[in-house]
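Below: one structure, written as structure tokens.
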Amino acid sequence: MREPQQERSRTTRRRLVEAAVECIAELGWYGTTVAVIAERAGVSRGAAQHHFPTREDLVAAAVEHVGEVQIVELRRRAGELPTGESRTERVVDMVLNLYAGPLFRAALHLWVAASTDEALRRTLVPLEARVGREAHRVAVELLDVDESHPGVREMVQATLDLARGLGLANLLTDDTKRRQQIARQWIQVLGPAVGEK
């Protein structure tokens, strides 16, 4: 039985987006072309351009995909979280690990390229702002904190910023041990500051 056209189209789009993320993480922005992505996805260049007329369109879809995958993963793991101090510890660990993998590596390549590529920057800035707001919202939910209390919003954002910085430090070498030490110290600061339950 033949797969309906709409489902085939969704499958092709998904393969292209996933291939784009992989290529960007491995090859960087300048090594990632529509032809390279299409080959990795197992589709023709024409099919890739049918779904995404420009490389920027494909990258925009890839950025949204990365953000969605990260948020879904965090939410999936939320049900496993305990309460109290151990909750804060687990959430910080989850967030830090989120920024240590290949999805974050792809995002870094795009950020660096966007710093000198105006077209990419115009595409990336609004998407990153939206992804950032959603990551913040999920971190608040996972930490189970009330942002109306003074300083809580800033501490949640500092946690995300710390995670990004440690993810950057992990780019060239495995920084796991140092990241774990910093996470332990940050948990001691964060818990009391956000009114740990």
Candidate set from the range 158-170 (those that are surrounded by 18 or more Cβ atoms within 10 Å (Cβ to Cβ) and modelled with pLDDT under 90); member that is nearest to VAL63 (Cα to Cα): GLY167
Filtered residue count, the range 86-112, keeping only those that are surrounded by fewer than 17 Cβ atoms within 10 Å (Cβ to Cβ) and either small (Gly, Ala, Ser) or touching a strand residue (DSSP E or B) at 6+ places or on another chain (Cβ under 9 Å) (or both): 2
Residue within the range 114-124 that is surrounded by 19 or more Cβ atoms within 10 Å (Cβ to Cβ) and under 12 Å from LEU168 (Cα atoms) present: no
Matching residues in the range 38-65 - criterion: being loosely packed, with under 12 Cβ neighbours inside 10 Å and either hydrophobic (A, V, I, L, M, F, W, C) or without any contact (Cβ under 8 Å) to a residue 12 or more places away in the chain (or both): GLY46, PRO53
First in the range 177-190 and modelled with pLDDT of 90 or more, second anywhere and among the aliphatic types (A, V, I, L, M), Cβ under 7 Å, 6 or more apart: ILE182/LEU166; ALA183/VAL92; ALA183/LEU96; TRP186/VAL92; TRP186/LEU162; ILE187/VAL92; LEU190/VAL92; LEU190/MET155
Candidates ILE71, ILE37, filtered to the one that is more than 14 Å from LEU16 (Cβ to Cβ), assigned to a helix (DSSP H, G or I) and not charged (D, E, K, R): ILE71
Filtered residues of the range 142-157 (kept if in contact (Cβ under 8 Å) with a residue 40 or more places away in the chain, charged (D, E, K, R) and surrounded by 13 or more Cβ atoms within 10 Å (Cβ to Cβ)): ASP144
Residue match in the range 159-177 (condition: farther than 25 Å from HIS109 by Cβ and in contact with a helix residue (DSSP H, G or I) (Cβ under 6 Å, 6 or more places away or on another chain)): no
The range 94-143: number of residues that are of a type in the set (Val, Ile, Thr) and in contact with a helix residue (DSSP H, G or I) (Cβ under 6 Å, 6 or more places away or on another chain): 5
Checking THR83 against (1) touching a residue at least 24 places away in the same chain (Cβ under 8 Å); (2) over 18 Å from the mean Cα position of the chain (by Cα); (3) surrounded by 18 or more Cβ atoms within 10 Å (Cβ to Cβ), the condition it does not meet: (3)
Tally, over the range 66-76, of residues that are surrounded by 14 or more Cβ atoms within 10 Å (Cβ to Cβ) and closer than 13 Å to ARG130 by Cβ: 4
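The values are calculated or read from the model by the stated rules, or taken from the named source; none is laboratory data. Model, not experiment: these values are computed from the prediction. So basically every Cβ, Gly included, is an ideal-geometry build from the backbone, and we count neighbours across all protein chains shown.
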